[in-house]
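What follows is a single structure, written as structure tokens, with notes after it.
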Amino acid sequence: MVQQLRDEGWIRTDPVARAMGTVARHLFANEVEVATAYEDTVLRTKKDEAGVTVSSVSAPSCQADMLERACLRPGQRVLEIGSGGVNAAYIREIVTSTGLVFTLDIDPEVVERAERCLQLAGYSDVVVVCGDGERGIPQHGPFDRIIVTVEAMDVPNAWWEQLAPDGVLVLPLRVLGRTRVVALRRDGDHLVSDDRGQFMGFVPMRGVAARAQLETRIPLTETVTLRFDQAVPADAGDFTGLLDSRPAKAWSGVTMRGMEPHDVLQLWLANMPGAATIAIGSGDPLNLAPLKSYAPAAAENGSVAFLVFKKVSDDADGGTTWEAGAVGYGPDANALAEHMAEQMRVWDAEQRGGPGPQYTVWPAETVDDLLPAGRVADLPHGRVVISWPGPTSVPAAQPSIPSQPAV
């Protein structure tokens, strides 16, 4: 497992390699065969009554990437939010007995399981706490590192307050419909990312900061849903009967090979006004395979456009080439789809292959004049700015996304 993760670039330093080569991972995954525990896959450990995964042991590649981003050192005080046990053991190996590790989860069953597995694996000095991750553990802070292993749609005040002055917060931050793992370091009165982060999927946070309390879902049919991370923008319009209209298609001329990642393109498109995602369920009623699950979308004046791909060719080496484009519905479908396709061409000319955007997180009370150039997303407890390098820092006019307080 360690060699594979080294070869693929997930493990980049010796301390992470030693930790992941030391901890008996299978002791934290007794629901599966020993060999399966060391495969690079997510191990789902608990589902809710609807069959939705609410707790899991992340894939080794994901854990290695977050550990590397955290830049852990011996002697540090670390808080992990979202507990499966094994990641806390990896952290403990790196910070050694001179450090202190806390792992926090809202679910008593998950906490009991993590504590039992840590004892079994020989990490009884890891402190396991049951509580809402949004609140952290104020009585045990400040922390040199806070590592969040559940999808976060906000940066709660408690995380700012409990992070040491030179601390690092590593989290899968979901903004504008896209989730990326970023490492945020303090820089005066705000937090700044080292790089554009890594696209990954995580179990959503529960409790006060649960996704369901922050996002807005608009069902367009029984199987097609439009989703906004916060409130619906004021100029988004009315989507009643949207999909009954004739679709408009605009192709960009931007092509990609079959396995080429396009997550940075998706993040670029999320900069468009009225940023949303569209989920197309079973049966693919719009006939839009292969990209049909939470594709980036833009909503404006009662119209919606979203990213699609069409096959261009089957290549001689066995691969496939696809062309990116947009499908639009509504009264302004043609214009909105063509605008999205044009943004794909801008990304291809100015951003493709580049370093990608930088994230900065600011206190909620920060006025616009103090923010850097970029797209602003207002969250319940902060303001996130995504800034792109190059001549076109953001596509088109960029209004802030209105915030919606948690229920």
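Looking at this structure, is ASP332 closer than 30 Å to VAL155 by Cα, modelled with pLDDT of 90 or more and among the acidic types (Asp, Glu)?
Taking the combined requirement at face value, the residue does not satisfy it.
Within the stretch 137-163, which residues are farther than 26 Å from GLU215 by Cβ and modelled with pLDDT under 90?
Selection gives GLY141 alone.
Taking PHE199 as meeting all but one of (1) in contact with a Ser or Thr (Cβ under 8 Å, 6 or more places away or on another chain); (2) without any contact (Cβ under 8 Å) to a residue 60 or more places away in the chain; (3) open to solvent by 40 Å² or more (accessible area, probe 1.4 Å); (4) closer than 30 Å to GLY353 by Cα, write down the number of the exception.
Going through the list (1) in contact with a Ser or Thr (Cβ under 8 Å, 6 or more places away or on another chain); (2) without any contact (Cβ under 8 Å) to a residue 60 or more places away in the chain; (3) open to solvent by 40 Å² or more (accessible area, probe 1.4 Å); (4) closer than 30 Å to GLY353 by Cα, PHE199 breaks only (2).
Out of the residues in the stretch 22-42 that are closer than 13 Å to GLN63 by Cβ and in contact with a helix residue (DSSP H, G or I) (Cβ under 7 Å, 6 or more places away or on another chain), state the one that is modelled with the highest pLDDT.
Here the residue is VAL23.
Across the stretch 294-325, which residue is least open to solvent (accessible area, probe 1.4 Å) among those that are farther than 15 Å from PRO261 by Cα and outside any strand (DSSP E or B)?
Across the stretch 294-325, the extreme among qualifying residues is GLY302.
Could you list, in sequence order, the residues of the stretch 291-324 that are more than 27 Å from ASP235 (Cβ to Cβ) and of a type in the set (D, E, K, R)?
LYS310, LYS311, ASP314, ASP315, ASP317, GLU323
Mind checking which pairs have a first residue in the stretch 334-353 that is under 15 Å from ALA270 (Cα atoms) and a second that is of a type in the set (S, T, N, Q), Cβ under 6 Å, 6 or more apart or different chains?
Matching pairs, first to second residue: LEU336/SER303; ALA341/SER252; MET344/SER252; ARG345/SER252; VAL346/THR392.
Restricting to the stretch 252-267, name every residue that is under 29 Å from VAL385 (Cα atoms) and in contact (Cβ under 8 Å) with a residue 24 or more places away in the chain.
If the condition is that a residue be under 29 Å from VAL385 (Cα atoms) and in contact (Cβ under 8 Å) with a residue 24 or more places away in the chain, then SER252, VAL254, THR255, MET256, PRO261, HIS262, ASP263, VAL264, LEU265, GLN266, LEU267 are the ones that fit.
Output the qualifying pairs, or none if there are none: Cβ atoms under 8 angstrom, residues six or more apart or on different chains, first residue in the stretch 156-178 and over 26 Å from GLN139 (Cβ atoms) and touching a residue at least 12 places away in the same chain (Cβ under 8 Å), second residue acidic (Asp, Glu) and not in a strand (DSSP E or B).
ARG174/ASP229; VAL175/ASP229; LEU176/ASP229; GLY177/ASP229; ARG178/ASP263
Could you tell me whether any residue of the stretch 49-57 is at pLDDT 90 or above and in contact with a Leu (Cβ under 7 Å, 6 or more places away or on another chain)?
no
Find the residue count for the stretch 326-350, including only residues that are of a type outside the set (Phe, Trp, Tyr), surrounded by 20 or more Cβ atoms within 10 Å (Cβ to Cβ) and in contact with a Ser or Thr (Cβ under 8 Å, 6 or more places away or on another chain).
7
Would you be able to tell me the number of residues in the stretch 77-99 that are open to solvent by 20 Å² or more (accessible area, probe 1.4 Å) and touching a Phe, Trp or Tyr at 6+ places or on another chain (Cβ under 9 Å)?
Number satisfying all stated conditions: 3.
Looking for something modelled with pLDDT of 85 or more and either of a type in the set (D, E, K, R) or farther than 19 Å from ILE147 by Cβ (or both) - is there at least one such residue anywhere in the stretch 200-213?
There is no residue in the stretch 200-213 that is modelled with pLDDT of 85 or more and either of a type in the set (D, E, K, R) or farther than 19 Å from ILE147 by Cβ (or both).
The values are calculated or read from the model by the stated rules, or taken from the named source; none is laboratory data. A quick note: this is a predicted structure, and the numbers were derived from the prediction, not measured. Ideal geometry is used to build each Cβ from the backbone, glycine not excepted, and the neighbour counts take in all protein chains shown. Just the protein is used for accessible areas: all its heavy atoms, side chains included, with ligands, DNA and RNA removed. Shrake-Rupley method; radii C 1.70, N 1.55, O 1.52, S 1.80 Å.
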